[in-house]
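Following: one structure in structure tokens, then a few remarks.
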Amino acid sequence: MMRLVRRQIPIGVVIVTSVIVMSDYFFKITGTGPLVTMLTNWGIILTAFTLGFGAINLFYLHTRHIRRRTSGQWFFSIWLLLMVVVFAGTGILTGATSSTYTWLYNSSYFALSATVYSSLGFYMTSGIYRSLRARNIEALLLLITGTIAVMRNAPALAVAAPILIDMDKWLSEFVVTSAQRGIMIGAALGAIALGIRTLTGRETGFLGRLTEAEREG
Amino acid sequence: MEFAELLQIWFAALFTVWIYSIAFRDNLFFKFAEHTFVGAAAGHSIVYGVDNVRRLGWTPLVQGQLIYLVAFILGIMLYTRYHSQHFWISRFPVSVMAGVGLGLSLRATVTSEFIAQILSTAQMKVLGVSPWCAGLYNLLFIVITVTVVYYFVFTFPRIHAGRLNWISRIARYGMMAAFGYSFANTILSRFQMIFGRLDFLMNSWLPLSGAVIALPIVLVLLAYAMIPASRRPWPKQLAATPSDD
Amino acid sequence: MTTTTQKKSIWDRLEAVPREALYALLLIFFIIPMVNPIGFPVPISDEVRRWYNTIDALPSGSAIMIDFGYSGGGEPELGPMAVAVYHHIFSRKAGLKAICMSTSIEGPLLWDKAMAEVNPSRYGANYGKDYIHIGYISGGEIAMASIGKDLRAAVSTDYKGVSLDTFSIMQGIANAGSFQLLICYTTGGDQSEGWVRQWYTPYKTPYLCSVLAMMVPTMLPYQKAGQIISVTSGAQAGQMEVLVKVPARGIKSADVITMTHLLVVGFIVLGNIAYYAKKFSGGSK
Amino acid sequence: MSVQLYPGRIFALGMLMSLTALIILYMELSKKTLPEFRKLAGLDALPEMMGRAAEMNRPVHFTTGLGELTGTVAPQLVAGLAVLGHVSELAARVGVKLVYTVYQAQVIPLATELMRQAYVKEGKADAFKPEEQIVYMSGEQFAYASAVQGFAERERPAANIMIGPFYAESMLFAETFFRIGAIQLAGTARGYQIPFFAVVCDYLLIAEEIYAAGAYLSKDPIQVGSIRGQDIGKIIALVLMLAGVITTAAGMTVIADLLKM
């Protein structure tokens, strides 16, 4: 009986809510409108509640480092947890868009986020120099379109040789868009199939940890 | 420029330089910046999680829409996932979110990423198009889209056997050309981002008094921190060893 | 065979250049044009012109839903584009209503940063009448669907917690049908594609999308099928600045992008010459 | 309570319901007989790669990239683990050391079980040393990337296999292993990273091919049946597109009108 409550009912809830939401799109049914509005608003608030999970996972992980004095790591762990508290405390107390919190954001999080994202450009450059080789027809094709696009993306080159713009436009419309559309159609079916496996209880990743009994079940 | 803004630019500049140092060698300054980033990101999520719960949940609740009480209860139930026995309680709110998310994506994906793409291809003209080469280009478009979908048919081996294998070959050539284009665009994205950071360093930080002197000092300290712990005089025991668990 | 193994050929040395030297060279190609800008011209692409014309043709009093959906990482690329488009909206002085929200958690603070750069008061535009931000809304596509169906049920305050009823811009704004245009700036594929699924597909709202250049190829099928009017990359901000006649960060990057892209072309050519030279002279893989 | 169908969404509803029926039908049918799979170029390269590693007496490295078992990219991680099981069998057979570097600690018990079963199946249970072959590196993206880079430069593996959800670190991996001369097979369904693997790796599984590889190797009727159902969906798409192009060329709009219903 307990297994029924713990596993089947959540799957039942997924089926009921998704069928309501889907039927509100395909059918004009009086009554489902406000129900779907309520469900989607609940979805927003529940997602907001999950935004605390990251911090909790970090507390688990890094308090263990601190307890064990993992060498070369534990004092970084203390600093990390301090950052969580400083950001969360300032933001909640002074307001999510207050000037104090904005200062804190701009002086650390923004600069770190922007820089980490951009640092990948360095790895790419060494990767291009060392391993971008036309070793077979497929790699050669990739290199030809890649080089045309790189040259077109250099503004001065594109102005100096306008043929690059036409070649880039032709490639983008008739080769890139068509190949990407083929991949998209396949991916759409994959997403639909994943959804159907979830609805029929065959894909339970979203349930999180399963007990041994439930995994066999 | 008041002091707070000055301090902000200094911090942002130091973090920028420390993060870039990973491209050369891992070092303690990078580790410090990285841990600041991970902690700040988690704190920031809490701030906007609370902001959303307060603005979008609590406000309507106190204005009398008691039905939001259910959302709050479900929200608190989410945190039972950390309980050793009763973690299964968290599955109910998770399944509400999964159900709403699944319903919204399934109902639209079948149109926006499947039927609309088929319709757009089905309506492409190959005959009676001026100039004539536009019809030829449309034909190429259709051939690549059709062969790529054909390529991803896995459980009918006979349709790929023998000479039919040419269809998959055309598909791979089309995809490879598309990947080359994506690769070039990724270069553009990353370089635009690097420019953004260097522009900040050179035009917002370096003009500040003392910055021109600070930069070489920071770089020397970074170089020193990049020397493997065994070969540098101090700090020795801080060599980062992978944690044992 | 001894000659090739003893004397490390020029190609082996070229291929064995350490990573750090390559990065230093890249940095030099960034810094030279930044120190003395050359002022290369910038070609205007069709997508940017189509985007510009769409906003130019909006009837006066139209409401625009804008999703400030990028992260700090995407700000150097998408920030300049968002700022240039705001200049265009405000300079039209046609009573356009720019109603902004964020599906990215850093959106509100990045919006403040953009507004500081735009300085709307220069156009006589003021908060709550001509432009507003109704805050970060979590849930991704759930948020998009929710405000599309019934905006006031989902959100009742602006991003600072002030009730929406106090702002004249929000009069008559009820759901997706109240908007004549949807704009999204984002670093996340889930968001740029999510708006196609949750607003264009059910409500047919005209949709303009600006993403990272690396995401453009995956969005092109939507543009070809007419679901998106124009997909631009933030890296084309310089072109928008030219059309809007407000040169800023976007145009400044044009020289640097040209120089660094020339370096990349050089790397590709050099790397392949080294590869084939070694191959024909019997070198290893 | 009145119920009306929205015009313009009828065909979509019909398509969604028929796809649902097809996929459920083939998940059931596959429980009886598993359909055959077409050749997956990437998978066929594995025996050659393992043989080369055995000749050179150097280890083989395997990674399933980043991603949690409960996240949206979980299916890609599951597909990667299925390939890990297959590679473990090959490694046990040719007697080469396979090292699986781990990003997400939650995966360790699952991976250990998979690899142990593979070694037992090849009758080499004692050759399996979990503490050496399953190495947890770090839960942070770039810390994990630089740790794997250090491993590659120290151990100089002869082959590198990367199947699963990859993010910006994909280029770092591909370039590092290319530089030490490792032969590489890579596959991810994350579209932005495929170009990097396509550029640098010797063998490539493109987008959905990793799901097909995972299903084919795991012989799980749910995964295989699901792929079979999707294949029928792709054939429907092909027929509609070709019929549409032909009718459009003939000046008729019957297919377009059907799709717009």
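At-a-glance table
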| read-out | value |
| --- | --- |
| Top-ranked residue of the range A:63-73 - restricted to ones that are more than 9 Å from chain B (Cβ to nearest Cβ) and assigned to a helix (DSSP H, G or I), ranked as surrounded by the fewest Cβ atoms within 10 Å (Cβ to Cβ) | A:R67 |
| Odd one out for A:T50, checked against (1) over 27 Å from the mean Cα position of the chain (by Cα); (2) facing chain B (nearest Cβ under 10 Å); (3) not charged (D, E, K, R) | (1) |
| All positions within the range C:100-130 that are out of contact with any His (no Cβ under 6 Å at 6 or more places or on another chain) and part of a strand (DSSP E or B) | C:M101, C:S102, C:Y127 |
| Single residue of the range C:209-232 satisfying the filter (at the interface with another protein chain (Cβ under 7 Å from one of its Cβ atoms) and touching a Leu at 6+ places or on another chain (Cβ under 8 Å)) that is farthest from A:M151 (Cα to Cα) | C:A225 |
| Residue check for A:W79: in contact with a His (Cβ under 8 Å, 6 or more places away or on another chain) and among the hydrophobic types (A, V, I, L, M, F, W, C) | yes |
| Cβ-Cβ under 6 Å pairs, at least 6 apart or on other chains, the range D:238-260 side facing chain B (nearest Cβ under 9 Å), far side surrounded by fewer than 14 Cβ atoms within 10 Å (Cβ to Cβ) and in a helix (DSSP H, G or I) | D:T247/D:V254 |
| Among the candidates B:H86, B:H44, residue that is at the interface with chain A (Cβ under 7 Å from one of its Cβ atoms), in contact with a helix residue (DSSP H, G or I) (Cβ under 8 Å, 6 or more places away or on another chain) and either on the phi < 0 side of the Ramachandran plot or touching a residue at least 60 places away in the same chain (Cβ under 8 Å) (or both) | B:H44 |
| Within the range D:1-23, considering residues that are among the β-branched types (V, I, T) and in contact (Cβ under 8 Å) with a residue 24 or more places away in the chain, the one farthest from the other protein chains (Cβ to nearest Cβ) | D:I10 |
| Residue check for D:S138: surrounded by fewer than 23 Cβ atoms within 10 Å (Cβ to Cβ) and within 27 Å of B:N27 (Cβ to Cβ) | yes |
| Selection within the range A:151-176 - at the interface with chain B (Cβ under 7 Å from one of its Cβ atoms) and under 16 Å from C:Y222 (Cα atoms) | A:S172, A:F174, A:V175, A:V176 |
| All positions within the range B:186-229 that are assigned to a helix (DSSP H, G or I) and more than 32 Å from the chain's Cα centre (by Cα) | B:A211, B:V212, B:I213, B:A214, B:P216, B:I217, B:V220, B:Y224, B:A229 |
| Residue list for the range A:87-106, restricted to those being in a loop (DSSP other than H, G, I, E, B) and at the interface with another protein chain (Cβ under 7 Å from one of its Cβ atoms) | A:A96, A:T97 |
| Subset of the range D:205-216 (residues that are more than 14 Å from D:R38 (Cβ to Cβ) and either in a helix (DSSP H, G or I) or more than 8 Å from every other protein chain (Cβ to nearest Cβ) (or both)) | D:I210, D:G214 |
| Selection within the range C:89-104 - of a type outside the set (K, R) and buried (at least 20 other Cβ atoms within 10 Å of the Cβ) | C:I89, C:F90, C:L96, C:A98, C:I99, C:C100, C:M101, C:S102, C:T103, C:S104 |
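Residues checked against (1) in the same structural domain as C:I99 (by TED's automatic domain parsing); (2) of a type in the set (S, T, N, Q); (3) under 22 Å from B:D199 (Cα atoms):
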| position | (1), (2), (3) |
| --- | --- |
| C:E15 | no, no, no |
| C:A24 | no, no, yes |
| C:I32 | no, no, yes |
| C:P41 | no, no, yes |
| C:N53 | yes, yes, no |
| C:L58 | yes, no, no |
| C:G61 | yes, no, no |
| C:I66 | yes, no, no |
| C:Y70 | yes, no, yes |
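Okay, residues lined up against (1) buried (at least 16 other Cβ atoms within 10 Å of the Cβ); (2) not assigned by TED's automatic domain parsing to the domain that holds D:A145:
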{"position": "D:L19", "(1), (2)": "yes, yes"}
{"position": "D:L22", "(1), (2)": "yes, yes"}
{"position": "D:L25", "(1), (2)": "no, yes"}
{"position": "D:P47", "(1), (2)": "no, no"}
{"position": "D:E55", "(1), (2)": "no, no"}
{"position": "D:V60", "(1), (2)": "yes, no"}
{"position": "D:L66", "(1), (2)": "yes, no"}
{"position": "D:V83", "(1), (2)": "yes, no"}
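The values are calculated or read from the model by the stated rules, or taken from the named source; none is laboratory data. These figures come from a predicted structure and were not determined experimentally. Every residue, glycine as well, gets a Cβ built from its backbone with ideal geometry; the counts of neighbours run over all protein chains shown.
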